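This report refers to the structure that appears directly beneath it.
Every number in this text was worked out from the coordinates using simple rules, so none of it is lab data. Remember, predicted model here, so these are calculated numbers, not experimental data.
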Amino acid sequence: MRLCQKFGVTYFRAQIFKPRTSPYSFQGHGESGLTIIDFLREQGLKLVSEACSLEQLKVVETYADVIQVGARNMQNFEYLKQIGRSAIFQRRLPYVMLKRGFSNNYKEWIGSAKYLEESGVPEDKIILCERGTRDGVAFTGTTLDFAMAYKAKYETPYQVIIDPSHGTGARDLVLPMAKLSLGLSFDGMMIEVHPEPEKSVSDAKQALSVPEIEQFLLDHISNLGLRQEVGGIYAN
Ligand code: PEP
Ligand code: MN
């Protein structure tokens, strides 16, 4: 959080609900985490937060500046149809970040974005997030599809960001992929960081340490997209 403030990184990802592969893994703090959310907002950070159901959305839409629709929910059409509809959503008009499902193609990704638009999310409030394909080929298990993301950036009205953390699943590959995405001028990226990465209760293998991300920010400060509101690095 302090690093975000130091570098003017506007958006911080804080999830009170976490979709997890196993029901026995940490599921997020739930509504008891709202005190942490309040604290982060008081620090002037804008928050990115995932909701996985309408019930969770009712909580998340009260505070999030970016609502994350995770890869697993990308084609939950009935959920997508509801997202823009609620009164609170219409009043606050947060961004909606739609992660590409890990086996979804371009047409399916854009089709899901259209569902959001049909529900009332304006096109300039939709952010597409490339998080990699599970293709059974990559030794990390995931291939980050820059070509598809690039096509989306130049053929749709939506902003497009890259998630090199889930897109590689491996700490040593996160920053090289982040550098590539800077070269392709995407609108931002989302990178998972932890003060003690190996102790992270979620995605420990891909979390960067604070000094690692600090060095990256220092090295690339001039070409990081911090000039636009949604062009920042998204931190977790
Ligand atoms: C996440 O962003 O932490 C996450 C679980 O991502 P995805 O939905 O892309 O798997
Ligand atoms: Mn994660």
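Couple of notes before you dig in:
- Its alpha carbons give the stretch 48-89 an Rg and a Dmax of 9.3, 25 Å.
- Database remark: amide H of LEU93 closer than 5 angstrom to no amide H (H placed geometrically; neighbours at sequence offset of 5 or more, or on other chains; Pro and chain starts carry no H).
- Value of relative contact order over the stretch 1-114, rounded to a whole percent, pairs C-alpha under 8 Å and six or more apart: 20 percent
- Kirkwood estimate for the stretch 1-146, i.e. one over the average of 1/r between Cα atoms, Å: 16.1 Å
- Share of alpha-carbon pairs per 5 Å distance bin for the stretch 74-205, given as whole %: 2, 10, 19, 20, 18, 15, 10, 5, 1, 0
- Histogrammed with a bin width of 10 Å, the alpha carbon distances of the stretch 1-84 distribute as 17, 47, 30, 7, 0 percent, first bin at zero.
- Within straight-line cross-link reach of LYS151, lysines at Cα separation under 17 Å, skipping those fewer than 8 residues along the same chain: LYS99, LYS107, LYS114
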